[in-house]
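> Here it is, the structure in full.
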Amino acid sequence: MSLILALLLQVGPDPMSGGMPGDDLVRDRPPRESMTRRDLTEQEILDPTSAWLQTCLDQLDTDPARAHTMAQLRRSETTGAERVLANHCLGTAASELGLWEDARGAFLAAHDETPEDEPRARARFALLAGNAMLAGGDAGGALVLLAQAEADARTAASAPLEALAALDRARALVSLGRGEEGLAALDTATTLAPANAEGWLLKATLLRRLDRLDEAQLAIEAAAKLAPANPEIGLEAGVIAVLAGRDEAARASWQSVIALQPESLAAATAKGYLAQLDPAPEAAPTEEQEPPA
């Protein structure tokens, strides 16, 4: 494993820790369950470079502006792997502050300064840079960087990274009104990572928006098998069902969301959807029950 990648895996943040704002592909994109910003290994961190990176990243929750300054100073004073990791923290701090152009520049510099024989780390940085451009509203520019991320991931033989880049490329394509191309990107993502529920959820959502309800139903069923407790999947399943004229199936999906997480935003959305349905039909009276006079 390369030095840069080893340090990234030790101290995070992971490039794929969830969607950026303004996602036009899904209503509320769920976080990627396998990636978190504090995804530390069990190995004790002793290396001075990784210790500096951890200190910088620890500032993100409490004072991202300070982390941004720390990273700028570190970048101006270092070279090689240390400069790459300084750009990593700088880009992450800029993302926390909503400085998307700064974030893109830092992540792109980290990508370009990472040796070509470390394609996995290069893929991660290109993916981060593409996400920053997408969050900043430049979907066209994001496509270029996400395609680079996919190419680097293929060189590294990393199907999970390539799938994540394809997911984000689909989001960029959809935001540009290129839904069929976005669907092709999602086909790639679900083929490379068939156990990733997010890919199937996004695919179901896009198929539903393209009025391909039978295919959307198959995709949302695949998502539900992989993550049955995900409320976003329950919400989307209900939307697909009601558009297909299956009101009772929609009602059951949305009620399950409320039962799973009654105080969540997803539950509030489900309640709003249920309020728009016709009342559930009353059960027919049994022999022991006389109908009301």
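Bear in mind that the values in this text are calculations on the coordinates, not laboratory data. Every value quoted in this text rests on a predicted model; they were computed, and no experiment measured them. Positions of Cβ are generated from backbone atoms using ideal geometry, with glycine treated the same way; all protein chains shown enter the neighbour counts.
> Would you mind calculating the gained length between D187 and A229 on full extension (0.36 nm times residue separation, minus the Cα-Cα distance), in nm to one decimal? Could the numbers behind the result be given before it?
On the way: separation 42, 0.36 × 42 = 15.12 nm, distance 2.35 nm.
Extra length from D187 to A229 when fully extended: 12.8 nm.
> Order these by the 10 Å Cβ neighbour count, fewest first: K203, K271.
K271, K203
> Return the FRET efficiency for the residue pair D58, S264: r is the Cβ-Cβ distance, R0 is 22 Å, and the value is rounded to the nearest 0.05.
Rounded to the nearest 0.05, the efficiency is 0.15.
> Also: Return the FRET efficiency for the residue pair L218, E248: r is the Cβ-Cβ distance, R0 is 25 Å, and the value is rounded to the nearest 0.05.
Calculated transfer efficiency: 0.80.
> Would you mind giving the three semi-axes, in whole Å and largest first, of the ellipsoid equivalent to the range 95-203 according to its Cα gyration tensor?
21, 18, 10
> Taking the Cα of T79, stepping 7 Å toward and past its beta carbon, and measuring to each backbone N in the range 105-130: which are under 19 Å?
Correct set: 109-117.
> Still on this structure, I have one more. With N set to the number of residues, divide the alpha-carbon radius of gyration of the range 213-278 by 2.2 N^0.38 Å and report two decimals.
This ratio for the range 213-278 stands at 1.01.
> Considering the dipole of the range 92-168 built from charges on the beta carbon (Lys and Arg +1, Asp and Glu -1) around the Cα centre, which of F107, S158, G137 is farthest to its positive end?
After comparing all options, I get S158.
> Continuing with the same structure: Nothing charged except the Cβ atoms of Lys and Arg (+1) and of Asp and Glu (-1): what's the magnitude of the dipole of the range 180-250 about its Cα centre? Round to the nearest 20 debye.
Charge dipole of the range 180-250: 100 debye, to the nearest 20.
> OK, next. Under a Cβ-Cβ cut-off of 13 Å, what is the net charge of the residues other than Q276 that fall near it, where Lys and Arg count +1 and Asp and Glu count -1?
So the environment of Q276 carries a net charge of 0.
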